[in-house]
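The values are calculated or read from the model by the stated rules, or taken from the named source; none is laboratory data. Just so it is clear, the structure is predicted and the values come from calculations on it, not from any experiment. Note that each Cβ is placed from the backbone with ideal geometry, even for glycine, and that neighbours are counted across all protein chains shown. Ligands, DNA and RNA are stripped out before the accessible areas are found, and what is left, the full protein with its side chains, is counted by its heavy atoms. Shrake-Rupley method; radii C 1.70, N 1.55, O 1.52, S 1.80 Å.
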Amino acid sequence: MSFVALDRLVRGGHVPEAEAPRVAELWDEIRRLKRDKRAFLPAHNYQVPEVQAVADVVGDSFELAVRARDLGPEQAALVVFCGVRFMAEGCYTLAPERPVYLPSLEALCSLAEVDAADVAERQEFLRAAGRRFATMTYVNTYADVKALSDSCCTSSNAARIADQLGVPDILFVPDQNLAYQVALKTRRTYLPPPEPHKFHPREYAEMIEPLIREGEKQGLVGNVFAWEGACHVHHQMSLEDIARIRRDDPGATVIVHGEVRPELQRAADAVLSTSQMAKYVDAHPEQTRYAILTECGLVVRLELDHPEKQFYKPCRLCRYMKATDLESVYRTLRDEPPEKRITVPEDVRAGAARAMLKMIELA
Ligand code: 13P
Ligand code: SF4
């Protein structure tokens, strides 16, 4: 987000008028501490605007991972990551020589709660079935799961990476909806996940085998085995959210994130990552009305960047992304509390770093 004046945040209802003096004071203090401590503040596109306004870089999860890798020791002595835990962990994974702090320990992610032992079990199942497969993990996972994968990916590059792994089959962990997008774009059969916590090898094999045979008949190049994860924000969006917009304003452009259900991806005009959404709006000056189905933080940022355009609001809030506020960023930067320092055991970190670097290379 380009610099946004405080009075615009107040006028837009993002900062209550009574709190404006405190926000101004916190901005000054944060900027002073950043200079004094040589601290770097990355922020995800979903963060509240008063946090984005004081960040050094705002982006999607891929852009923030690349910045973490490229941040030289001379540029920053510490990082305060304004996002969720897996992002801060990814930042540490790629540059472990520098302390990384997460302002709120509540900033988790409903996708990331995957048990690495369950992933290993699924890999064993595919090996035993004689499948030639690679494991791709969405960056919305923790390091122990990343370490089990051949490559990480984000919503901005998943299909491109799947195409370059050189095997017909992909075990895609953990987002079942992004798995659909990968299957569609890479001409693979989408194999739906088992029910959460109900993986039974025989029942699962019986469910997927007819689908695999059908895909082979159609000449598809392989299969995407979807994991049973979903984002609590995007998975609750419904086709009716899009149908309502189409009825009320057929000229509006409907853009969805890759984490929404397959039927919404098919009904949208574009399926994009958060930063790709922002670039799409920048690149289409002629288009003035949008419905963007993702977390509301991105839509707020677009409203501030493009006051001349209209954004309908079928968006939803992610309580994890909203766990970080300006006060927690300030206190974390000031105090560097040890309990907020994010680290990963070195043997796990090395495996996760390999998978993240593979993503950056292939993307
Ligand atoms: P992006 O990579 O598109 O920013 O998505 C991250 C995320 O958490 C989506 O919910
Ligand atoms: Fe995780 Fe969904 Fe929140 Fe993104 S929006 S951080 S995927 S819970």
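Some points to look at:
- Multiplying the residue separation of A24 and L357 by 0.36 nm and subtracting their alpha-carbon distance yields 116.0 nm.
- Between the C-alpha center of the stretch 64-137 and that of the stretch 29-51 there is a gap of 21 Å.
- Computed E for R32/D269 - FRET, C-beta separation, R0 35 angstrom, nearest 0.05: 0.20
- Loop-exposed GluC sites (Glu not before Pro) per DSSP, neighbour cap 14 Cβ within 10 angstrom, longest uninterrupted part of the chain: 114-285
- In the chain, taking the dipole from charged Cβ atoms about the Cα centre, the farthest positive-side position among L302, L26, V281 is held by V281.
- Of all beta bridges that DSSP places with both ends in the chain, some 5 percent have antiparallel geometry.
- Its Cα centre serving as origin, the chain has a Cβ charge dipole (Lys and Arg +1, Asp and Glu -1) of approximately 500 debye.
- Violating pairs (Cα-Cα greater than 31 angstrom) within the set K309/K358; K146/K322; K146/K340; K198/K313: K309/K358; K198/K313
- When you restrict to C-alpha pairs under 8 Å that are six or more residues apart and normalise by the size of the chain, the relative contact order lands at 22 percent.
- Per residue, the solvent-accessible area of the chain (1.4 Å probe, heavy atoms of protein chains only, all protein chains present) comes to 42 Å².
- Separation in nanometres of the label points that stand 7 Å from Cα toward Cβ, at E121 and H197: 1.2 nm
- Exposed-loop-free span, longest in the chain, where trypsin sites (Lys or Arg not before Pro) count as exposed if DSSP calls them loop and at most 16 other C-beta atoms lie within 10 Å: 199-308
- For the chain, Cys with no neighbouring Cys Cβ under 4.7 Å: C82, C91, C109, C152, C153, C231, C318
- Modelled spin-label separation between D7 and A350, with each label point placed 7 Å from Cα along the Cα-to-Cβ direction: 5.8 nm.
- Computed [θ] at 222 nm, helices only, for the chain once each DSSP H run of length n ≥ 4 contributes -39500 (n - 2.57): -13000 deg cm²/dmol
- Cα gyration tensor shape of the chain, rounded if a/c is under 1.5, else prolate or oblate by comparing a/b with b/c: oblate
- Surface share of carbon and sulfur [accessible, 1.4 angstrom probe, percent] for the chain: 50 percent
- Distance from the alpha carbon centroid of the stretch 232-306 to that of the stretch 173-216 works out to 26 angstrom.
- For the stretch 202-327: relative contact order, % (alpha-carbon pairs under 8 angstrom, 6 or more apart): 21 percent
- Assigned charges on the beta-carbon of Lys, Arg, Asp, Glu; the stretch 69-196 dipole about Cα centre (debye): 560 debye
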